[in-house]
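The values are calculated or read from the model by the stated rules, or taken from the named source; none is laboratory data. The structure displayed is predicted, hence computed values, not measured ones. Backbone-built Cβ (ideal geometry, glycine too); neighbour counts: all protein chains shown. Protein only, heavy atoms only, side chains kept; ligands, DNA and RNA dropped before computing areas. Shrake-Rupley method; radii C 1.70, N 1.55, O 1.52, S 1.80 Å.
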Amino acid sequence: MRESIKVVVTGGAGYIGSHTCLELLKEGYEVVVVDNLANSSSESIKRVQEIANKKIEFHQVDVRDREKLSAIFNEHKKGENKSSIKGVIHFAGLKAVGESVRIPLDYYSNNITGTLSLLEVMKSHGVKNLVFSSSATVYGEPKTLPIKEDFPLSVTNPYGRTKLMIEEILKDLHASDPSWNIALLRYFNPVGADRSGKIGEDPFGIPNNLFPYIAQVAVGRLPFLNIFGDDYHTKYNTKDGTGVRDFIHVSDLALGHIKALPKLFTNSGLVIYNLGTGKGSSVMELLRAFEAASGRKIPFKIAPRRAGDIAACYADPSKAQKELNWIATRTIEDMCRDTWNWQKNNPNGFKKGD
Ligand code: NAD
Ligand code: UDP
């Protein structure tokens, strides 16, 4: 067995972070989570440990708190039995587009200041391997589909701007010191839950995103789904006219990180990958698939288009396939089944009293 490698996962209690922690533990990594629990619960960490039957070291710390962050890196330099930290997967940040328009300073502070703080601490401890959670939002409204990594970048809201700015900061950092190895992973639409049904997406309040919204309608927490527009008729849309997205199972996405890490350890420099399936599905197709998976009727109403939405978006994931040997294997049916399994076993998410 190879010597275990220690990684810090910021935002590891969150939706994508918790699923990635699980896959890291399964792969034999040692995991140190740093999360301020601003949008998550430590129950997710407990459950990941239960599923994997392995321990996670958890610190409830804000990544903007340089002293505390630095102390964690220091702690792992001490003692003969402790290996030092080899890399960081950086999920921590705020992610709601609408909220970012209302409270942009919180977004710039958490996402930009948080990342700068992390980078400075990493630099001072000589840890220069980083995986960063970027988003397909940096492509704006693409002229053609599928989207390749070298498409032009543009953003329309503060959340997207933080992702693009961080990408630029990381490019500057790498240009100034090529000993940094950085993977910018641009996620398409992560959905689904671990097959165990013990962890999943648990948004606070009314969900903004389609999948958790549908799941909460199916379980009876919300009365119906508003479908934002059925008049998107472009050559990339299905004939039902509802928006098209590249939904990717969160466990496939997590495995993308597992493939990106060893790439960094070979001194890859700065690399950029789309993590998507390459297939577009419409909102209506998803609703039907979710009805089939849950055996429940999902009432819906056609509502006006949501401001800022684009008609269709899906990835060309072939670069990640070629260079990381990674491919998303789970289907829309798997995504619906696993979301439903999580939602029906945990109708109130991680809160007690389910
Ligand atoms: P999430 O909110 O479930 O997870 C983010 C985690 O970061 C939370 O646990 C939160 O408590 C923590 N956090 C926030 N600010 C922090 C801070 N200052 N210090 C420490 N911890 C902090 O979100 P997620 O869906 O798991 O997303 C993870 C990352 O992936 C985010 O950076 C997000 O922007 C990015 N991303 C998400 C999606 C998506 O659709 N979910 C798509 C593209 C990119
Ligand atoms: N959507 C919808 N009703 C909702 C939430 C989303 O019809 O309650 C649609 C939205 O217009 C888009 C698709 O579902 O076409 C995916 O939206 P989501 O917010 O999940 O992801 P993103 O917009 O970031 O791609």
Assess whether residue 46 counts as being charged (D, E, K, R) and over 21 Å from residue 253 (Cβ atoms). yes
When every residue in segment 219-238 that is at pLDDT 95 or above and among the hydrophobic types (A, V, I, L, M, F, W, C) is compared, the one farthest from ligand 1 (Cβ to nearest atom) is 224
Residue count for segment 189-214, restricted to those that are of a type outside the set (A, V, I, L, M), more than 8 Å from ligand 2 (Cβ to nearest atom) and part of a loop (DSSP other than H, G, I, E, B): 12
Does residue 48 satisfy the condition of being in contact with a Cys (Cβ under 7 Å, 6 or more places away or on another chain), within 19 Å of residue 261 (Cβ to Cβ), open to solvent by less than 70 Å² (accessible area, probe 1.4 Å) and within 16 Å of ligand 1 (Cβ to nearest atom)? yes
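Rundown of residues vs (1) within 13 Å of ligand 1 (Cβ to nearest atom); (2) in a strand (DSSP E or B), yes/no style:
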| residue | (1), (2) |
| --- | --- |
| 132 | yes, yes |
| 143 | no, no |
| 156 | no, no |
| 159 | yes, no |
| 172 | no, no |
| 186 | yes, yes |
Scan of segment 101-138 for residues that are over 22 Å from residue 66 (Cα atoms) and touching a Gly at 6+ places or on another chain (Cβ under 8 Å), ordered by number: 135, 136, 137, 138
Conditions (1) surrounded by fewer than 18 Cβ atoms within 10 Å (Cβ to Cβ); (2) farther than 20 Å from residue 346 by Cα -> residue 69 fails only (1)
Taking the criterion of being among the hydroxyl-bearing types (Ser, Thr, Tyr), closer than 30 Å to residue 157 by Cα and open to solvent by 30 Å² or more (accessible area, probe 1.4 Å), would at least one residue in segment 260-273 satisfy it? no
Considering 12, 87, which residue is more than 16 Å from ligand 1 (Cβ to nearest atom), open to solvent by less than 10 Å² (accessible area, probe 1.4 Å) and touching a residue at least 60 places away in the same chain (Cβ under 8 Å)? 87
Failed condition for residue 282, given (1) out of contact with any strand residue (DSSP E or B) (no Cβ under 7 Å at 6 or more places or on another chain); (2) away from ligand 1 (no atom under 16 Å from the Cβ), with all others met? (1)
Lone qualifier among 123, 163 - being in contact with an Asp or Glu (Cβ under 9 Å, 6 or more places away or on another chain), in a helix (DSSP H, G or I) and within 28 Å of residue 269 (Cβ to Cβ): 123
